[in-house]
Structure formats: structure tokens, C-alpha cells
Amino acid sequence: MKRPNFIIVGAPKCGTTALSEYLRAHPNVFVSDPKEPHYFAEDFDLLRITKTEAAYHQLFAKATSEHAAVGEASTGYLYSRAAIPKILEYEPKMKLIVMLRNPIELVHAWHAQRYYAADEDEPDFERAWRLRMERREGRSLPRRYRHAELLDYEAFGKLGEQVERAFGVAGKEKVHVILFDDFRTNTKSEYEKTLRFLGLKSDGRTEFPRVNENRTHRFRVLGEFTQRPPWPIPQLTRTIKAVTGFQRLRILEPVRELNRQREARAPISAGLRAELADSFRDDVRLLGQLIGRDLSAWLAVPNPARVESSAP
């Protein structure tokens, strides 16, 4: 039986879905389906698709001797305090891939994803950002949220702290860092570097289609139903999976797809961007020191009254 030997540990909204799909197409790579089992994130139990080692191993049952690199891409692992120590306990030689981006863009995109997933009930990012202090005290939380920590946009955006923690546990030599800025502008080069990190030869890929653009629901009520269905549906799904051995049934996926639309996020005001830059300034400096890059451009605030976040 093949066991995973690499994991894309995060961060979300940094190109992780695209990279995992590019890797999945490589003849010597196997990526689990679902790509984000979150098995090791024991502190975010409600995100975990697999909760036993047997179920986790089943995700890789179809990997063959041709697959030199076997992995998954649970993007909450970097933020989780439990995951990376558990990963290294499971496999001390595990290779970790970390993808990072400007935290201002990250938390803006993360809010949109939480709203789409029905964890967040405040559609306006600025208002959601202002709620972070109340939510840390257990107030103003959405009715159907899973983990309050996932709605603490300030803590979530502090990538320097998260990378420092990962380096401290795994050591820099086991961690391959990719900046989304580089991945977006020179995807082929970053993809090839990742293959080398995994000990793989190039597959000659030259096409890198865009993946996982911002999504919204055509009808919010239907979206909330499909993202967070009433308890009898998940219970029935778990029963069917236990009987059949299937890890994913995708019963509601056709409805989700019909209700899904691509839509650009509302822009961030220059005033809010300046506030976010101040909040993340020390952490960005720390991250730059950890990875040896000058990241000061991330904190620049353009002159126009409103600026648009251009990345997916």
C-alpha cells in the first residue's frame, strides 16, 4: 500500500487547487480525491473528512508503483496548530509544500470562500473584519459556523507566524515555499521547481489553465442548503459511505454546480487596505526574513480611493 510522502499544507486561496491539479496530471504523481481530507487537523475536527487512519489510507488505495509522489492538499494544515506535528509523527520524512500570498488579498479571498461555504453570514468583508474582536469573545458569530478560529481574519492572515511554526517543527529543508505572485506570473518555472523538490522529472507541461476562480451562489438559500445540508442528509451519506466504502458520493454536487457562478469580489477601499497593511506589517516582515524575500510591496497602498483585488 502506498502512503503519502508529500502534502500541500496551505495556505488557502494561494494557488493550491491549481498546483494540485497540475500535479495530479503528472504520470508519476497521485493526489487524493478529495484533495483536502484534513485528517491531521485535529483542532479543526469539523473540517475533517477522514478521521481514522484506515479511512485516510483508503484515499491512496489507487496509487500504484508508477506514482513516486503520493500526496494530498489540505490547506488548513498550515493554520492548524495540531496538523504539522501530527504529519511528522505519521511520516518524519514527509515533504511539505507551502503556498503564500499577500495577506491582504488572502483574507479578502478567504472571507469570500467562508461566505460561499455558509460558515460566514456577513457578506461585506469590511464589516466581517470589524467583527473579529467580538468573535474572539464568542459574540456575533454566524448561526451555522463550524470553527470560530476560521473567521478570525487577522489571525488567519498572519502567515509569518504560521511559517515560523512550520519551520520550527519540520525544518526548512522539508518545506518548499511558493509565493503566489511568482506562481501567477511564472507558473511553469514554479511548477518545475516543485517537481524537483518532489524528486520528479518534468512532464513537459506547457499549459496551465486558471483554476478555482471566485464563486458565489445564484440563490443564497439554496447555496446554504447544499453547503450545509440538514443533518439527515449527512447522516444518510455517512451510512452509504460506510456500506459501500466510497469516500465521496457528491450527492448534492449537481445542484451546487447549477447554483454556482463566477463573480469578481467587491474591491477593498484604500482606507481598509491601509488598516490591513498596518495589522500585517510586523508579520510580513517576519515572513520576509524567514524565506529571504523582500515583501514590503505587499503593504503598499495605491492612491485611488478604491482598489480591486485582481487575484482569484
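The values are calculated or read from the model by the stated rules, or taken from the named source; none is laboratory data. Since this is a predicted model, take the numbers as computed values, not measurements. Note that we place each Cβ from the backbone using ideal geometry, even for glycine, and neighbour counts take in every protein chain shown. These accessible areas exclude ligands, DNA and RNA; they are computed on the full protein's heavy atoms, side chains included. Shrake-Rupley method; radii C 1.70, N 1.55, O 1.52, S 1.80 Å.
Overview of results
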| read-out | value |
| --- | --- |
| Flagged links, alpha-carbon separation over 28 Å, of K86/K193; K95/K188; K62/K93; K51/K188; K35/K86 | K51/K188 |
| Sparse-neighbourhood loop sites, GluC sites (Glu not before Pro) in the stretch 151-190 - DSSP loop, at most 14 other Cβ within 10 angstrom | none |
| Extension reserve of the T185-E164 stretch, reckoned as 0.36 nm per residue once the Cα distance is removed | 5.0 nm |
| Label-point gap, in nm, between T64 and R127 - each point 7 angstrom along Cα→Cβ | 5.4 nm |
| Separation of the K86 and H147 label points, Cα + 7 Å toward Cβ, nm | 0.9 nm |
| A54/N5 FRET efficiency (R0 25 Å; Cβ-Cβ; nearest 0.05) | 0.85 |
| For I8, residues with placed amide H under 5 Å, excluding near neighbours | E72, A73, S74, I97 |
| Normalised contact order of the stretch 29-90, rounded percent, pairs of Cα under 8 Å and 6 or more residues apart | 47 percent |
| Sequence-distant residues sharing a close amide H with I268 (under 5 Å, placed H) | V307, S309 |
| Average accessible area per residue (Å²) across the stretch 3-93 - probe 1.4 Å, nucleic acids and ligands excluded | 37 Å² |
| Theoretical FRET efficiency, 1/(1+(r/R0)^6), r = Cβ-Cβ of L46 and E137, R0 22 Å, to 0.05 | 0.60 |
| Qualifying aspartates and glutamates (Cα of each under 14 Å from Cα of K158; at least 8 residues distant if same chain) | E105, E149, D278, D282, D283 |
